[in-house]
Amino acid sequence: MDILLSNDFTGYDLVKEIKECGAYDECEIIFISALTSSEDKLAAYGYGGDDYIAKPVDFKELCEKLKRVELRITERNNLKEMFEVASSTAFTSMQQASELGDLVKFFTDNLKVADLNTLFSNIQHYFTNLGASCCVEFRVAKQYHQFPQHTITDLEKEILELGRGAKRIVPFSSNLLFNSPTCTMIVKGINARDEDLLGRLRDNFAILLTIIESRIDFIEVQLEENNNIRKIALNNLKSQLIEDFVTIKRLCLEQDTKVKMLVNDLSQMVQSKMITLGLDEAQESELMGLIDETKDVVEETLVLSFTLEDKLQAMTKRLKAVE
């Protein structure tokens with residue numbers, strides 16, 4: 001950018017207009033002028049200049065400055081990418097912790113459930129919170145119980161009956177069918193387009209089915225009034241859920257470690273590259289604001305993980321007491 005353009009319009013005026021345009025707010029400006037005093041260079045810097053070359057232009061010097069500009073742009077873009085990855089990972093971690101927290105809540109809500117109506121009501125509430133719906137068949141004491149009793153369609157009844165011999169998980173359209181020896185469950189309206197999210201939901205629903213199986217075992221034990229079978233069911237419940245809790249805790253620890261590493265890498269790069277980036281005061285403030293936002297999200301994620309771990313420990317103690 002030359003400085004002396006005309007009598008009533010300077011390069012400073014044009015740079016100001018460029019900087020005010022959102023599409024060019026990160027544009028790198030190199031002033032070129034025959035004005036070579038310190039005051040002129042300070043003025044150029046004050047108007048948003050990133051560098052200054054005195055006329056006549058030394059093209060070797062210009063090439064070196066352009067290489068440094070390219071390096072600053074590359075480093076700035078790398079920082080943005082790291083920030084986006086860190087933010088996305090932190091958000092995913094929060095979402096995953098929330099999903100696992102819902103599973104833990106479902107387990108606690110059903111720990112003392114002893115009838116099928118209440119069990120289905122809690123299952124229905126769980127899926128409603130996810131924006132989905134369900135119909136279920138429980139198989140207890142060689143009898144079939146299908147829910148919702150008054151609104152289930154004939155086709156849904158037929159699918160549940162066919163599902164008795166199906167695989168553990170069967171996807172069809174935007175629906176999923178989950179099957180076990182004691183329960184078949186159709187989950188309707190899963191609109192997740194994110195494959196990672198859909199994969200997590202399938203895993204969560206599989207864990208949910210395990211919890212439901214354990215509850216049905218317990219209910220069947222109560223119906224048969226057999227204390228020995230009841231102890232076996234409880235032991236199966238504890239061993240299966242403890243295994244699931246270990247998986248949940250491992251997932252949380254892996255996610256927390258990944259988030260911490262990303263944030264540490266981002267923070268170190270910012271500290272080491274802040275001087276060489278050539279950012280003006282507004283850009284530095286914006287970058288630090290983004291980093292602070294990322295740290296806040298990470299702190300919220302870690303709090304969720306600690307809360308979830310406390311709940312899991314409390315569940316373990318309650319399991320030991322249910323004998």
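Taking 0.36 nm per residue of sequence separation and removing the Cα-Cα distance, the HIS125/GLU195 pair yields an extension gain of 22.8 nm.
A Förster radius of 45 Å combined with the Cβ-Cβ distance from CYS27 to ILE242 puts the calculated FRET efficiency at roughly 0.20.
Per the Kirkwood formula applied to alpha carbons, the range 113-202 shows a radius of gyration over Rh ratio, Rg over Rh, of 0.96.
How do HIS150, HIS125 rank by accessible surface area computed with a 1.4 Å probe, from largest to smallest?
Ranked from most to least accessible, the order is HIS150, HIS125.
The slack between VAL85 and ARG250, meaning 0.36 nm per residue of separation minus the straight C-alpha distance, is 57.3 nm.
My understanding is that a pair violates if its Cα-Cα distance is over 23 Å; which of LYS105/LYS188; LYS238/LYS311; LYS105/LYS142; LYS16/LYS295; LYS80/LYS258 do that in this structure? Pairs exceeding the cut-off: LYS105/LYS142; LYS16/LYS295. With each label modelled as a point 7 angstrom along the Cα→C-beta vector, the ASP58-MET288 pair spans 3.5 nm.
The values are calculated or read from the model by the stated rules, or taken from the named source; none is laboratory data. Keep in mind that this is a model prediction, so the values were computed, not measured. Virtual Cβ from ideal backbone geometry, glycine too; neighbours counted across all protein chains shown. These accessible areas exclude ligands, DNA and RNA; they are computed on the full protein's heavy atoms, side chains included. Shrake-Rupley method; radii C 1.70, N 1.55, O 1.52, S 1.80 Å.
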